[in-house]
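For reference, the structure is listed below as structure tokens.
The values are calculated or read from the model by the stated rules, or taken from the named source; none is laboratory data. These numbers come from a predicted model, not from an experiment. With ideal geometry, Cβ positions are generated from the backbone for all residues, glycine too; neighbour counts draw on all protein chains shown. Keep in mind that these areas ignore ligands, DNA and RNA; they rest on the heavy atoms of the full protein, side chains included. Shrake-Rupley method; radii C 1.70, N 1.55, O 1.52, S 1.80 Å.
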Amino acid sequence: MELFLARIFDGFSNGATYGLIALALVIIYKATTLINFAQGEMAMFGAFVVLVLATERGLPMWLAVVVGMLISAAAGALIERVLIRPFDPSDHLPLVIITLGLFLVFGALAGIIWRFDPRGFPHLFPAGNAITVGVATLTWYTVCVTITMLAVVGGLTLLLKKTKIGLAFRAVSSNLESAELSGIRVGPTLQFGWALAAAVGTLGASIYVANPIFQLEPSVMARVLIFSAAAAALGGLDSLGGAIIGGLIIGMVQSIMVQYVGFIPNELGLAAAVFVLMVVLLFKPSGLFGTKSVERV
Amino acid sequence: MTDATVTPASDAPRGTPLLDVKALRGGYGPIQVLHGLDFHVHEGEVVVILGANGAGKTTTLRAVSGMIETTGSVELRGEQLVGKGPADIVRRGLKHVPQGRGTFPELTVEDNLRVGAFVRKDKEVEADMAKWFEIYPVLHERRNQRAGSLSGGEQQMLAVSRALMSRPEMVLLDEPSLGLAPIIVKDLFDRFRQINRETGTTMLIVEQNAQLALGIANRGYVLETGEISVEGPADALIHDDAIRKAYLGV
């Protein structure tokens, strides 16, 4: 039982990060029905920026994260303007190739600038354990990650539901042509989505590598992106809450399967999570919380 | 909001039209659909463009509202619209309700109306919404439902309300009768007439349902393969033998 609890706690801390990156994926998917394959690498790059701000510029850690998120948002907006907007939004193939290109570019750039050796990332949350039940320990890290994740999803929900730019964003994702005919400028609205996603991604990656058991290196987010994409799909791809729940489920499955399903070696934990996704989508094709595209005419 | 702006059902010569379209050409990529259209709409008028499937009715509206590449001249109150994007054109008071009603299916009924008022900066948006809820109580009942779950007729009510939430000077309506039961269509056109009378909103309606559209229109045009073939007062068109044969099925 205690072991089970320990596994649940583990799953929670990873799952929360998957959820945050999944949120970033969902934001862009909602706007453009496009999966940004570079989201993880952009987030990794953002985490490096945070590291530089904190260690070389001497900013307090929380401020470094906030400034890093702002820089990422600006970069996300720039990428949308220069690389995404010139292309027809309804033709996905060129856009997918662009995001794959960005995936490679950010990976390579980070390697060139910061080398490929793993680096320790400063603590973002208090160290130590909040609760200890036998061998199961709930760390402050897990508690803080969970709170942050809930705050982010709450903040995003308010932003989308209660502000004018949020309304524009939802209108564009629901019916692009009709949004344009209502006077909404589609380009800047999508740009807002890219900026938002980049900022959330940087927060997610910073939190992930702030986990004492991980380090920051250019390839750190590649695995995370796969889990996050699975989490986003599980949650329905266009649901913010779904992304978070999907992230937590994938995190739990990963951690519990490896512990209890003996014939699955550790290395296959990744595949196991994706297998769960497959089974769920088989029975619920639009994910757990996705919008079914049923519409009366 | 007075009756003074209501126009007589005649084509009497008047000042500069509100919307003046000249030598309008446009299409999709290499395919040209419109081969030089001339038409105009005066302030307060209801004008209908009739035409068979594929005549270019929808394309005409898309060209006017800046949705496709266009050449020629489209002037709204003397201001050239060709070359401007749809978001700029709607800000100038010309509102296009596209075919299929332009519903935002994932948004609630209320949010659909708010999007309609997106370009407005004044404080009366909520009051206008209350007004439309009074006109269409069913929208009020379903204000928190996703608009995609409304019936076709309810979505058309929503489309009309949403369009007028922007307080446009002129609306372009693309086949509002499409897919609706005859009784609902009748009610809808009565509503158009009432809105035109009460608010003076100018209307350009593209329709296949000639009988009803001409019934509320001041003037009409007939579009055939991208060109205007006939034009005249609605009364004259409704009694024109060729039109009766082609569009009224008599």
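Of everything in segment A:85-112 that is in contact with a helix residue (DSSP H, G or I) (Cβ under 7 Å, 6 or more places away or on another chain) and part of a loop (DSSP other than H, G, I, E, B), the residue that is farthest from A:ARG185 (Cα to Cα) is A:PHE87.
Within segment A:128-143, being within 26 Å of the chain's Cα centre (by Cα) and either modelled with pLDDT of 80 or more or closer than 15 Å to A:GLU2 by Cβ (or both) holds for A:GLY128, A:ASN129, A:THR137, A:LEU138, A:THR139, A:TRP140, A:TYR141, A:THR142, A:VAL143. The residues of segment B:89-102 that are more than 7 Å from chain A (Cβ to nearest Cβ) and either open to solvent by 50 Å² or more (accessible area, probe 1.4 Å) or part of a loop (DSSP other than H, G, I, E, B) (or both), listed by number, are B:ARG92, B:GLY93, B:GLN99, B:GLY100, B:ARG101. In the set (1) within 14 Å of another protein chain (Cβ to nearest Cβ); (2) of a type in the set (S, T, N, Q); (3) closer than 13 Å to A:TYR18 by Cα, the condition left unmet by A:SER228 is number (1).
For B:VAL115, the conditions (1) under 30 Å from B:ALA23 (Cα atoms); (2) outside any strand (DSSP E or B); (3) within 7 Å of another protein chain (Cβ to nearest Cβ) are fulfilled apart from (1).
In the set (1) more than 17 Å from A:SER13 (Cα to Cα); (2) assigned to a loop (DSSP other than H, G, I, E, B); (3) open to solvent by 70 Å² or more (accessible area, probe 1.4 Å), A:VAL82 fails one condition alone, (2). Restricting attention to segment B:78-88 and to residues that are within 25 Å of B:ALA159 (Cα to Cα) and out of contact with any strand residue (DSSP E or B) (no Cβ under 7 Å at 6 or more places or on another chain), the residue that is farthest from the other protein chains (Cβ to nearest Cβ) turns out to be B:LYS84.
Taking first residues from segment A:12-35 that are of a type in the set (Lys, Arg) and partners that are part of a helix (DSSP H, G or I), the Cβ contacts under 7 Å between residues at least 6 apart in sequence or on separate chains come to A:LYS30/A:SER173.
For segment B:144-174, the set of residues classified as part of a loop (DSSP other than H, G, I, E, B) and crowded, with 21+ Cβ neighbours inside 10 Å consists of B:LEU150, B:MET165, B:SER166, B:PRO168, listed by residue number. Scanning segment B:66-80 for residues that are assigned to a loop (DSSP other than H, G, I, E, B) and buried (at least 23 other Cβ atoms within 10 Å of the Cβ) turns up just one, B:GLY66.
Here is a check on your reading of the model: is A:VAL172 modelled with pLDDT of 90 or more, crowded, with 21+ Cβ neighbours inside 10 Å, at negative phi and more than 14 Å from every other protein chain (Cβ to nearest Cβ)? It is false that A:VAL172 is modelled with pLDDT of 90 or more, crowded, with 21+ Cβ neighbours inside 10 Å, at negative phi and more than 14 Å from every other protein chain (Cβ to nearest Cβ). Given (1) at the interface with chain A (Cβ under 10 Å from one of its Cβ atoms); (2) modelled with pLDDT of 90 or more, identify the lone condition not met by B:GLY72. Exception for B:GLY72: condition (1).
Looking at segment A:148-167 only, could you name the residues that are among the aliphatic types (A, V, I, L, M) and closer than 18 Å to A:ALA199 by Cβ? Listed by number, the residues that qualify are A:MET149, A:LEU150, A:ALA151, A:VAL152, A:VAL153, A:LEU156, A:LEU158, A:LEU159, A:LEU160, A:ILE165.
So, of the residues in segment A:125-169 that are part of a helix (DSSP H, G or I) and among the hydroxyl-bearing types (Ser, Thr, Tyr), which turns out to be most open to solvent (accessible area, probe 1.4 Å)? So the residue we want is A:THR157.
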